[in-house]
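The values are calculated or read from the model by the stated rules, or taken from the named source; none is laboratory data. Just so it is clear, the structure is predicted and the values come from calculations on it, not from any experiment. Cβ: placed from backbone, ideal geometry, glycine included. Neighbour counts: every protein chain shown. To get the accessible areas, we keep the full protein, side chains included, count just its heavy atoms, and leave off ligands, DNA and RNA. Shrake-Rupley method; radii C 1.70, N 1.55, O 1.52, S 1.80 Å.
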Amino acid sequence: MTEALSTLLKKPLRQKDADIHMLILSALFQAKFMQTPPHALVSENVEAARSLKKEWACKLVNAVLRRYLKENQVNALDSKTHFDCNHPPWLAALIRQDWPDDWESILMANNAHPPLTLRVNSQRVTRSEYLETLIEKNIEAVSTHHSPDGVIIKNPIPLESLPGFHEGHFSVQDEAAQLSRLVLNINKPGLILDACAAPGGKTTHLLEHLNEENSLLSVDCDQDRMKRLTKNLARLGMSCETLIADATQLNSSPEKNYGFILLDGPCSASGVIRRHPDIRFHRREADIVKLAEKQLALLERLWHLLADNGKLLYVTCSILRAENDNVIEGFLEENSDAETDTGSFLWGVKTKHGRQILPGVSNMDGFYFSLIKKRNKCHVQLAK
Ligand SMILES: C[S@@+](CC[C@H](N)C(=O)[O-])C[C@H]1O[C@@H](n2cnc3c(N)ncnc32)[C@H](O)[C@@H]1O
């Protein structure tokens, strides 16, 4: 009920109005579990607000309860209410629109417990060595199915109790995120840019598999998150060049172009609700449009930094098309030298411009990948 209330209020009530907060909560309880008739529900609770000598709250109680009743009536038509699935109506509707065949299982997966998935630091230990160490300590674990670097701990325990934490033998990272390395597939010497890198989950994963012929620049605009990236690099025993900067302002120079760019930018995080349940109540519908604009601006800027025949991997932990295929579609319309490669992977759902993992499928987080290749300028000229 508390979560339902937070979606109904434009902003939280002040501490001194805790009585009104409790009044609305109890009214919602009456509406949901006691079948109080709607007219009685509204009028009695408005009167109760008045008797608390808070005339201003009468209007609020009236509006909140009427909105709840109206939305519940709409939802009742679907046999399953959005509140039952614990999602705000706008988000449930968007998920349903984007994934008409999967929306119910997505909402349920968002309410389930996520696994504790680790990524073994191949610079320090192999996955089979680490699994053996876990067995010796009586910690049940299995290998991840699609990522060659992952391990799932069957009964999660505090990280510090896992062997090798301080020695940098592993990082915590969902299997879906681990697949970024495989999709980007760095197979040539040269410069690599991780443009929205903090706290370094993917930077450190890429570094674990690079050799001296490659060098990686890790950029993020958030100073505090970059401090966490530096700490993670130190714990895992690796290093790279780092820069605190807005990636939409990075300068390009042909001699410093990157062969591989990873863009894991800001997003709604609608694919990782099972890990961060509050996300659904903090996000607003209007955020999605703003995020899509940011994502496109980042893509446009980074494209100038990519070498001919280079590859840019765009990833989000979102399941919303507005932040995924639609962003890529807008980008492709403006950049004739760009083409997407949807690859042939055994995981995820193929979309127009990439692949989408839906939350909970193969026990993974929701994640989107689009690999964009930059065609050589001569080829683009010839094609015109
Ligand atoms: C999804 S998180 C990145 C997670 C990271 N790639 C990892 O694997 O640990 C998105 C990041 O984008 C950064 N960011 C947002 N806008 C940015 C911008 N304009 N330039 C650089 N970084 C940006 C945020 O600070 C945040 O750290």
Q) For region 181-205, what are the residues that are charged (D, E, K, R) and in a helix (DSSP H, G or I)? A) ARG181, LYS202
Q: Would you be able to say whether some residue in region 150-158 is within 30 Å of ARG96 (Cβ to Cβ), out of contact with any Gly (no Cβ under 8 Å at 6 or more places or on another chain) and exposed (fewer than 13 other Cβ atoms within 10 Å of the Cβ)?
A: no
Q: Mind listing whichever residues of region 206-253 are over 14 Å from ILE186 (Cβ atoms), among the charged types (D, E, K, R), more than 8 Å from the ligand (Cβ to nearest atom) and not in a helix (DSSP H, G or I)?
A: GLU241
Q: Spot the failing condition for GLY265; the list is (1) within 16 Å of the ligand (Cβ to nearest atom); (2) assigned to a strand (DSSP E or B), and only one is missed.
A: (2)
Q: Could you tell me which of the residues LEU346, LEU291 is surrounded by 20 or more Cβ atoms within 10 Å (Cβ to Cβ) and of a type in the set (A, V, I, L, M, F, W, C)?
A: LEU291
Q.
Show the residue pairs meeting these rules: Cβ distance below 6 Å; 6+ apart or different chains; first residue within region 281-295 and among the aromatic types (Phe, Trp, Tyr); second residue away from the ligand (no atom under 13 Å from the Cβ) and not in a helix (DSSP H, G or I).
A. none
Q.
Can you report the number of residues in region 173-200 which are open to solvent by 30 Å² or more (accessible area, probe 1.4 Å) and within 12 Å of the ligand (Cβ to nearest atom)?
A. 2
Q) Does LEU312 qualify as being at pLDDT 95 or above, in contact with a helix residue (DSSP H, G or I) (Cβ under 7 Å, 6 or more places away or on another chain) and either within 11 Å of the ligand (Cβ to nearest atom) or within 29 Å of THR7 (Cβ to Cβ) (or both)? A) no
**Q.** Residue check for LEU162: in contact (Cβ under 8 Å) with a residue 40 or more places away in the chain and closer than 30 Å to SER252 by Cβ
**A.** no
Q: Take the residues in region 268-285 that are more than 11 Å from the chain's Cα centre (by Cα) and either near the ligand (Cβ under 9 Å from one of its atoms) or not in a helix (DSSP H, G or I) (or both), then tell me which one is surrounded by the fewest Cβ atoms within 10 Å (Cβ to Cβ).
A: ASP278
Q. Which pairs do you get when a residue that is more than 14 Å from ILE279 (Cα to Cα) and at pLDDT below 80, found in region 1-14, comes within reach of a residue that is aromatic (Phe, Trp, Tyr) and crowded, with 18+ Cβ neighbours inside 10 Å, reach meaning Cβ atoms under 9 angstrom, with the pair 6+ apart or on two chains?
A. MET1/PHE83; LEU5/TYR68; LEU8/TYR68
Q) away from the ligand (no atom under 16 Å from the Cβ) and of a type in the set (S, T, N, Q): does that describe ASN324? A) no
